[in-house]
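Below is a structure I'd like to ask you about.
The values are calculated or read from the model by the stated rules, or taken from the named source; none is laboratory data. Model, not experiment: these values are computed from the prediction. Backbone-built Cβ (ideal geometry, glycine too); neighbour counts: all protein chains shown.
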Amino acid sequence: MHHHFRYWLPFLPEGVPAELTTPAEVARFELAQALPRIAPEVTVDIILDEAMDEAFRIQRADDAVIITGGQRGVLYGAYRLMMNLAAGEKLPRSHFQQPRYALRMVNNWDNADGDIERGYSGRSLMFEGGRFDYDPVCLCDLARLMASVGLNVLCINNVNVRNPAHRLIEDWLPELAEVAAIFRPFGVKLMVSIDYAQPMRHGIDTADPLDERVQTWWNEQCRVVYAAIPDLAGFLVKADSEHRPGPFTYGRNHAEGANMLARALQPHGGKLVWRCFVYNCQQDWRDQVTDRPMAAYQHYVYLDGQFDDNVILQVKNGPFDFQVREPVSPTLLAMPKTNLAIEWQLAQEYTGHQIDIYAMMGMWQEVMADLGSDRIMAMAAVSNLGRDACIFGHPFAAVNMFGYGLLSWHPEFADPEGIARLWAKLTYGLEQADEDALVQILLESRSAYEKYTAPLGVCWMVTPHTHYGPSPDGYEYQTWGTYHRASRDAVGIDRTASGTGYAEQYPSELRNRYSSLETCPDNLLLWFHRLRYDYVMRDGRTLIQRIYDDHFEGCEWVEAAEQKLAALPLPEADKALVMERISRQKKNAREWRDVINSFFYRFSGVEDAKGRKLYL
Ligand code: GCV
């Protein structure tokens, strides 16, 4: 199978020639090849209005269309128009769009040795063997995919910066500049993850942000970097997190740490994106007071207002770590004087490794509803791309990158069904009934996965390290702060005021919603509460029966989905891959069902009310 990276853009058979250097030129080239295929009667004029920057207006009089915008605006407008026409959507006479978020980032977790941390689509498209190693045509196609959904920043390496990736901003700058030149015509700027302790590789015996030698080193290094790549978007930093170096070593806080780097970037227009994934990863499981999800709030909220203007704090969508079900991170709701970015994970680390089908739009919608779109100014997502023939690993995982682009452009466009349908239409152009079947599978996939894995927001019952498949006690006696504390009577953690107090980190509406058993959503019950197995749920079932039922239902969904997929007329290569993956998903789901149900059966001793098989 080779997709040639077209995915949701099958009407663009030709790659964009390397000679084209501006987004407007790319827009014209793309329209010229797409229109004869999707709408031969339509003619398009492009009018540049630099002041409009990323915004665009599409005006239509019968078959004559005018796209007006800045350089990037006309490119986004052109892709938008092509997708509209290809999907047979009706165009309004005049249509204006501008992005809600200035930075719409993709974060690669690619290592210089070629593997990808939490990558499930093969090896890196960027690196191999400790150096840059890429196919420029592929990168160009990737840039096109990003631009087609409005994504404008690509951080090319893992936040865990391992030797020799630190060389990216040192002696690899000429190559980095070549990569930047591939992405530039698509309006995509590069970003680089840096090692906080990088000056220590150069004879400086500290990385203390208040030490003048450290500041001087970064100031000078930024000058060198920006001489090579004047439009580099900036740096991404994981500091004091999971054994990464950071300001805590020197008794400094994260505003001091981030601002030092931000000031080195500032003269060049660069941004400093600072991740807030900071918690104690060496907790004693006996410690019932420390509650890991509270950590980011404790480390950052008191610093609100102290970060420089070009600092952006990047906070994961939930306070743990990309679990199947998490409430919105309270840190995102508590820092009105700070630039914030939300971080999603398209890579399906805890959500099925791109073997299991898992469309994320429903999660985004729920989180954004609690967050509100104006708390943040940027979005980031960990990439799900790799070098496999299908760069998304699973053909359907493409919907997550596609949808993420639309979401980060403007949450107004993030309605789950709209995304699934548009993606399905563009990618496969199926008959209506088949499209409906596919869309339904996508929209139900998250809930199905949630049902057969850890129950009701309990999280973390995954196999340690790999994070695929069940292991109910895998993390229970470890140092990661990830406990369910199941006993023979009860499971879950009380995170209300009477417990760890985590719920107190929320503004009153969410605090009340989660703290009360009356209003806490079922799917977060065990996140916020410790409940007995005989606790009676709103629908009259006991907690233990709900756990059993969900696991049987989740598994049945996969079995039914396999049948439906078998009947779908997908292109041969996709079909083969989809069927291969769903059979693995079925195995996985059965394993989850039986392991989790047995786990709770053994503790509780309660039989399934419906008499289904549980394993002692
Ligand atoms: C890049 C989780 C993942 C790690 C990842 C980390 C992070 O802990 O398992 O692989 O490291 O999150 O987001 O920094």
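Might you check whether a residue that is more than 16 Å from the ligand (Cβ to nearest atom), more than 17 Å from the chain's Cα centre (by Cα), at pLDDT 95 or above and part of a loop (DSSP other than H, G, I, E, B) occurs anywhere in the stretch 134-147?
Yes: the stretch 134-147 contains one or more residues that are more than 16 Å from the ligand (Cβ to nearest atom), more than 17 Å from the chain's Cα centre (by Cα), at pLDDT 95 or above and part of a loop (DSSP other than H, G, I, E, B).
Only one of these conditions is not met by residue 459: (1) assigned by TED's automatic domain parsing to the domain that holds residue 563; (2) on the phi > 0 side of the Ramachandran plot; (3) away from the ligand (no atom under 16 Å from the Cβ). Which number is it?
Just one mismatch for residue 459, condition (3).
Do we find that residue 365 is surrounded by fewer than 24 Cβ atoms within 10 Å (Cβ to Cβ) and either outside any helix (DSSP H, G or I) or more than 13 Å from the ligand (Cβ to nearest atom) (or both) in this structure? Before you say what the answer is, go through the steps one by one.
Values: surrounded by fewer than 24 Cβ atoms within 10 Å (Cβ to Cβ): yes; either outside any helix (DSSP H, G or I) or more than 13 Å from the ligand (Cβ to nearest atom) (or both): yes.
So residue 365 fits the description; yes.
Hey, another quick one. Answer with yes or no whether residue 555 is outside the structural domain of residue 611 (by TED's automatic domain parsing), over 14 Å from residue 330 (Cβ atoms), crowded, with 19+ Cβ neighbours inside 10 Å and modelled with pLDDT of 95 or more. Spell out how you get there, then give the answer.
On the way: outside the structural domain of residue 611 (by TED's automatic domain parsing): no; over 14 Å from residue 330 (Cβ atoms): yes; crowded, with 19+ Cβ neighbours inside 10 Å: yes; modelled with pLDDT of 95 or more: yes.
No.
Against the condition touching a residue at least 24 places away in the same chain (Cβ under 8 Å), crowded, with 24+ Cβ neighbours inside 10 Å and assigned to a loop (DSSP other than H, G, I, E, B), how does residue 230 come out, does it pass? Spell out the reasoning first.
Details: touching a residue at least 24 places away in the same chain (Cβ under 8 Å): yes; crowded, with 24+ Cβ neighbours inside 10 Å: no; assigned to a loop (DSSP other than H, G, I, E, B): yes.
Spelling it out, it is not the case that residue 230 is touching a residue at least 24 places away in the same chain (Cβ under 8 Å), crowded, with 24+ Cβ neighbours inside 10 Å and assigned to a loop (DSSP other than H, G, I, E, B).
Would you mind listing the helices (runs of 4 or more DSSP H) fully within the stretch 521-616 where at least 1 residues are without any contact (Cβ under 8 Å) to a residue 24 or more places away in the chain and more than 26 Å from the chain's Cα centre (by Cα)?
On the way: elements: 525-528, 543-566, 572-604.
Hits in the stretch 521-616: 543-566, 572-604.
Hey, another quick one. Taking the options 129, 77, 73, name whichever one is at pLDDT 95 or above and over 26 Å from the mean Cα position of the chain (by Cα). Spell out how you get there, then give the answer.
Values: 77 fails: over 26 Å from the mean Cα position of the chain (by Cα); 73 fails: over 26 Å from the mean Cα position of the chain (by Cα).
Selected residue: 129, the only one of 129, 77, 73 that is at pLDDT 95 or above and over 26 Å from the mean Cα position of the chain (by Cα).
Here's something else I'd like to know. Keeping to the stretch 337-362, report how many residues are part of a strand (DSSP E or B) and in contact with an Asp or Glu (Cβ under 7 Å, 6 or more places away or on another chain).
The number of residues fulfilling the criteria is 0.
Taking residue 478 as the residue in question, decide whether it is of a type in the set (S, T, N, Q), surrounded by 16 or more Cβ atoms within 10 Å (Cβ to Cβ) and assigned to a loop (DSSP other than H, G, I, E, B).
Judged against the criteria, residue 478 is a match.
Which condition does residue 380 not pass, out of (1) more than 30 Å from residue 578 (Cα to Cα); (2) outside any loop (DSSP other than H, G, I, E, B); (3) within 16 Å of the ligand (Cβ to nearest atom), if it passes all the others?
(1)
Rundown of residues vs (1) within 14 Å of the ligand (Cβ to nearest atom); (2) touching a helix residue (DSSP H, G or I) at 6+ places or on another chain (Cβ under 9 Å); (3) in the same structural domain as residue 234 (by TED's automatic domain parsing), yes/no style:
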{"position": "270", "(1), (2), (3)": "no, yes, yes"}
{"position": "275", "(1), (2), (3)": "yes, no, yes"}
{"position": "285", "(1), (2), (3)": "no, no, yes"}
{"position": "301", "(1), (2), (3)": "no, yes, yes"}
{"position": "342", "(1), (2), (3)": "yes, yes, yes"}
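What are the pairs, 6+ residues apart or on separate chains, where a residue within the stretch 98-126 that is within 11 Å of the ligand (Cβ to nearest atom) has its Cβ under 6 Å from a residue that is of a type in the set (Asp, Glu) and in a loop (DSSP other than H, G, I, E, B)?
Listed by first residue and then by second, the contacts come to 109/117; 118/349.
When you go through 388, 321, 374 one by one, which is the residue that is within 16 Å of the ligand (Cβ to nearest atom), part of a loop (DSSP other than H, G, I, E, B) and surrounded by fewer than 24 Cβ atoms within 10 Å (Cβ to Cβ)?
321 is the lone residue from the list that is within 16 Å of the ligand (Cβ to nearest atom), part of a loop (DSSP other than H, G, I, E, B) and surrounded by fewer than 24 Cβ atoms within 10 Å (Cβ to Cβ).
Determine, yes or no, whether residue 210 is of a type outside the set (Phe, Trp, Tyr), part of a loop (DSSP other than H, G, I, E, B) and closer than 24 Å to residue 171 by Cβ.
no
Could I ask something else about it? From (1) among the aromatic types (Phe, Trp, Tyr); (2) touching a Gly at 6+ places or on another chain (Cβ under 9 Å); (3) not in a loop (DSSP other than H, G, I, E, B), pick out the condition that doesn't hold for residue 396.
(2)
Continuing with this model, one more query. Would a scan of the stretch 476-490 turn up a residue that is under 23 Å from residue 330 (Cα atoms) and without any contact (Cβ under 8 Å) to a residue 40 or more places away in the chain?
Checking the stretch 476-490: not a single residue is under 23 Å from residue 330 (Cα atoms) and without any contact (Cβ under 8 Å) to a residue 40 or more places away in the chain.
Do we find that residue 207 is within 27 Å of the chain's Cα centre (by Cα) and surrounded by 17 or more Cβ atoms within 10 Å (Cβ to Cβ) in this structure?
no
Right, next: Being within 16 Å of the ligand (Cβ to nearest atom) and either within 30 Å of residue 76 (Cβ to Cβ) or aliphatic (A, V, I, L, M) (or both) is the requirement here; does residue 227 meet it?
When the stated conditions are applied, residue 227 does not pass them.
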